[in-house]
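Step one of this worksheet: look at the structure below.
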Amino acid sequence: MLSSVIIGGGPGGLGPILWAAQHGLLPAWLDRGVAVIERQGHLGGTLGRFGIHSDSLGGSYLECLEAAGLPPELKPLRDEPVAHEMARYRDSFPSLVLVDRYMRRIGSALAAMLAERSALHLCTEARAIHLCPDGSVEVEISGSDGSKSILAAQSAVVALGGRQRWTHGELRPGLALASCQARHVMPSDRALSSVGLTEADRILAEAGQRQILILGGSHSAYSVAGAFLGLPGAERLAKGQIVILQRREPRIFYPDRQAAVDDLYDIEPGDICPRTRRVNRMGGLRGFGREMWRQIAQRPLTTPEPRVVSMDMQRLSTDDLRAMIAEAALVVPCFGYRSVMLPVFDADGKRLTLAADLGGDAVDEQSRLLLPDGTSLANLFGIGLGTGYKLPPSMGGEPNFNGQANSLWLYHNDIGAIIYRAIDDLARHPATATAAAVAA
């Protein structure tokens with residue numbers, strides 16, 4: 001029986017593996033049996049489809065290869081061209097095309113280790129997870145040729161990425177975007193892709209005097225505005241023609257208190273992370289989205305950008321908001337992500353309702369999958385975009401932040417560590433998972 005099945009080989013799914021690699025624990029874990037299931041033909045994710053820059057510094061991507069405990073199979077990656085290229089962005093923000101090449105190269109090295117010492121299933125999809133009476137799990141998988149099989153393991157990790165549920169989001173009580181008339185609607189994940197930016201360029205060029213509405217005040221919203229301004233079609237846009245409609249002002253990241261003071265940013269006591277002393281470490285805008293906000297807010301040493309304005313959505317009446325959406329040339333909802341889940345069945349074959357199925361957080365502080373009543377499944381874990389993971393105090397983060405942690409660095413470090421240790425503990429104390437399976 002395998003130690004664990006990891007469902008999804010993107011940056012999130014590789015998190016526990018990369019944490020183990022950094023601490024010299026990966027070879028032994030692979031020898032106990034780890035299977036990775038990935039629908040693509042490679043590991044490392046698909047970030048290259050986005051035509052924007054990362055909001056993480058290049059140094060955060062390099063850390064996983066710089067650790068002292070790295071296994072011999074991964075050490076040569078430090079000297080490869082893609083690692084040297086990433087190193088040029090150690091203190092700046094690399095393009096996601098570069099991040100994609102870098103993560104794919106790490107993924108290919110890990111794939112070789114998995115194929116040799118454990119199990120790798122590329123071009124394969126997981127269909128369902130079954131909890132067994134003995135505390136183990138069975139994962140149904142389907143290959144690209146239609147073949148079906150079962151993987152038995154002590155635990156499973158779901159890392160299928162996030163999905164935007166913009167059709168379900170309410171702009172205000174009783175008003176959903178899906179119920180509004182709109183010429184063009186393009187959710188932010190498509191708008192920020194290379195294909196979406198090409199489509200948006202055409203719409204902007206033909207917009208005339210119609211507004212471009214961006215709904216939401218997240219990093220995605222400000223990144224969309226910045227990306228649109230870089231398109232040729234944006235050259236004709238008038239003052240205030242791109243409108244960011246948000247419910248509240250975004251929080252902004254700063255490396256320390258003095259940097260925030262120098263930028264004329266008002267700091268509240270709860271904005272500072274006690275672990276790192278950074279301002280709005282988890283919840284603040286970073287990278288190019290942050291710079292877009294600074295231009296709109298006319299912060300020191302910036303060039304004002306008059307084509308973009310932000311507005312408080314709450315000040316608009318329902319009729320006015322509906323009319324703005326109907327008249328806009330393009331509407332871009334930036335409502336965040338929810339984790340993609342698989343059907344999970346208990347030991348009696350009954351499908352369990354997960355908290356994520358009802359729109360709640362997918363995981364608890366131990367990254368275990370949650371049921372609607374708040375209980376968790378001892379040997380099923382979730383990691384990656386949209387899981388709703390809330391940082392425990394031990395991981396730091398500013399006290400004012402109550403959102404979900406979506407951070408590649410955390411996946412490869414603190415969150416990856418939690419999952420690895422829990423899986424290791426299950427191997428040492430299998431009775432824990434057995435009791436949980438019976439209870440479920």
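Restricting region 334-358 to residues that are hydroxyl-bearing (Ser, Thr, Tyr) and surrounded by 20 or more Cβ atoms within 10 Å (Cβ to Cβ), which is nearest to Ser155 (Cα to Cα)?
Out of the qualifying residues, it is Ser339.
From Gly41, Gly10, Gly45, which residue is open to solvent by 40 Å² or more (accessible area, probe 1.4 Å), closer than 21 Å to Ser142 by Cα and touching a residue at least 60 places away in the same chain (Cβ under 8 Å)?
Gly41
Can you report the number of residues in region 178-197 which are within 13 Å of Leu330 (Cβ to Cβ) and assigned to a helix (DSSP H, G or I)?
5
Take region 108-153 and flag every residue that is touching a helix residue (DSSP H, G or I) at 6+ places or on another chain (Cβ under 9 Å) and β-branched (Val, Ile, Thr).
Val137
In region 198-233, how many are within 29 Å of Tyr265 (Cα to Cα) and either of a type in the set (Ser, Thr, Tyr) or part of a helix (DSSP H, G or I) (or both)?
So the answer is 12.
If you check Ile150 against the conditions, is it in contact with a strand residue (DSSP E or B) (Cβ under 6 Å, 6 or more places away or on another chain) and open to solvent by less than 50 Å² (accessible area, probe 1.4 Å)?
For Ile150, the condition - in contact with a strand residue (DSSP E or B) (Cβ under 6 Å, 6 or more places away or on another chain) and open to solvent by less than 50 Å² (accessible area, probe 1.4 Å) - is not met.
Looking at region 131-147, which of the residues that are open to solvent by less than 50 Å² (accessible area, probe 1.4 Å) and either among the charged types (D, E, K, R) or in a strand (DSSP E or B) (or both) is modelled with the lowest pLDDT?
Gly143
Given the criteria part of a loop (DSSP other than H, G, I, E, B), at pLDDT 95 or above and surrounded by 15 or more Cβ atoms within 10 Å (Cβ to Cβ), does Tyr265 qualify?
yes
Please state which of the following conditions Leu171 fails to meet, knowing it meets all the rest: (1) surrounded by 19 or more Cβ atoms within 10 Å (Cβ to Cβ); (2) at pLDDT below 95; (3) assigned to a loop (DSSP other than H, G, I, E, B).
Condition not satisfied by Leu171: (3).
Could you check, for region 51-63, whether at least one of its residues is over 25 Å from Val340 (Cα atoms) and crowded, with 21+ Cβ neighbours inside 10 Å?
Scanning region 51-63 turns up no residue that is over 25 Å from Val340 (Cα atoms) and crowded, with 21+ Cβ neighbours inside 10 Å.
The values are calculated or read from the model by the stated rules, or taken from the named source; none is laboratory data. Remember, predicted model here, so these are calculated numbers, not experimental data. We place every Cβ from the backbone using ideal geometry, glycine too, and count neighbours over all the protein chains shown. Just the protein is used for accessible areas: all its heavy atoms, side chains included, with ligands, DNA and RNA removed. Shrake-Rupley method; radii C 1.70, N 1.55, O 1.52, S 1.80 Å.
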